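K.L.:
Following this message is one structure expressed as structure tokens.
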Amino acid sequence: MMAMGLREMTFSEKLKQLLEESGVTLRVLSVRTGIGVPTIKSYTRGAREPSFSNAARIAKAFGKTLDYFMDADEVTEKPRKKK
């Protein structure tokens, strides 16, 4: 149970914290994940929500599980295209 006034960190806040603490640049994270720098930058600003697969790639690049980010309500699953 969370105390009043406290909230979970968003995906963008957790990503910014990991980048800062690790010293990893957006370019390095891009190479490690295959996600473009502009896309990662939009995640750090909170301007865009990562897909489930992109969130998983980012988590793996930092040696985290996806659960680390799952408290963030910004991670979205893209609807699958019908065949």
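Every read-out reported here was derived from the displayed coordinates using simple, explicitly stated rules and does not represent laboratory data. Because the structure is a prediction, the values reported are computed rather than measured. Heads up, the Cβs are rebuilt from the backbone with ideal geometry, glycines too, and the neighbour counts pull from every protein chain shown.
K.L.:
Along Cα→Cβ, 7 Å out, is where each label goes; now give me the distance between the ones at Tyr68 and Ser51 in nm to one decimal.
P.N.:
2.2
K.L.:
Additional query: Taking only the Cα atoms of the range 11-70, how large is their convex hull per residue, in Å³?
P.N.:
Residue-normalised Cα hull volume stands at 68 Å³.
K.L.:
Of Glu21, Glu8, how do they rank once you tally other Cβ atoms within 10 Å and put the fewest first?
P.N.:
By the 10 Å Cβ count, ascending, the order reads Glu21, Glu8.
K.L.:
Then there's this: Sort Ile58, Ile40 so that the residue with the fewest other Cβ atoms within 10 Å of its own Cβ comes first and the one with the most comes last.
P.N.:
If I rank by nearby Cβ atoms, fewest first, I get Ile40, Ile58.
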